[in-house]
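Student: Sharing a structure here in structure tokens format.
The values are calculated or read from the model by the stated rules, or taken from the named source; none is laboratory data. Quick caveat, the model's predicted, so the values are computed rather than measured. Every residue, glycine among them, receives a Cβ derived from its backbone with ideal geometry; neighbour counts consider all protein chains shown. These accessible areas exclude ligands, DNA and RNA; they are computed on the full protein's heavy atoms, side chains included. Shrake-Rupley method; radii C 1.70, N 1.55, O 1.52, S 1.80 Å.
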Amino acid sequence: MYERQILAILNDAGDKGLKVAKIARHVYNDCNSLFETHSFEEIHQAVLAFLMKNTKTEEPLVEKVKWGVYRLNKQSKKVGQLIMQFESDNQTAQQEEDHSNTVDLTLGLFD
């Protein structure tokens, strides 16, 4: 449910990784809005379940650094693909932001 956010947060965290509570807090802040709210406990449990599940696979996406601290497994092929995808998404967002900052100097039809 929160896989994309968790992986993006771990990508931003780098090699040191993050504690489960910090990851859960970032996901909580990212997912809650005025119209849709989730409890922190629900998100924390989902984050913990995702991390536990993905550290015990044959080629894990996430690795445990120390007790309660996780990071992306740079040796995984899937992680390499995800990192490239995050980078292309960031470039696309940056290009869209650059285009939105341009000033429209054309004359209006009914001015």
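Student: Do we have any residue at all in segment 22-35 that's modelled with pLDDT under 85, part of a helix (DSSP H, G or I) and open to solvent by less than 50 Å² (accessible area, probe 1.4 Å)?
Tutor: Yes, because at least one residue in segment 22-35 is modelled with pLDDT under 85, part of a helix (DSSP H, G or I) and open to solvent by less than 50 Å² (accessible area, probe 1.4 Å).
Student: Anything in segment 1-21 that is among the hydrophobic types (A, V, I, L, M, F, W, C), open to solvent by less than 60 Å² (accessible area, probe 1.4 Å) and either out of contact with any Gly (no Cβ under 6 Å at 6 or more places or on another chain) or not in a helix (DSSP H, G or I) (or both)? List them, or say none.
Tutor: Correct list: ILE6, LEU7, ALA8, ILE9, LEU10, ALA13, LEU18, ALA21.
Student: Being at pLDDT below 65, open to solvent by 70 Å² or more (accessible area, probe 1.4 Å) and part of a loop (DSSP other than H, G, I, E, B): is that true of ASP98 here?
Tutor: Criteria not met by ASP98.
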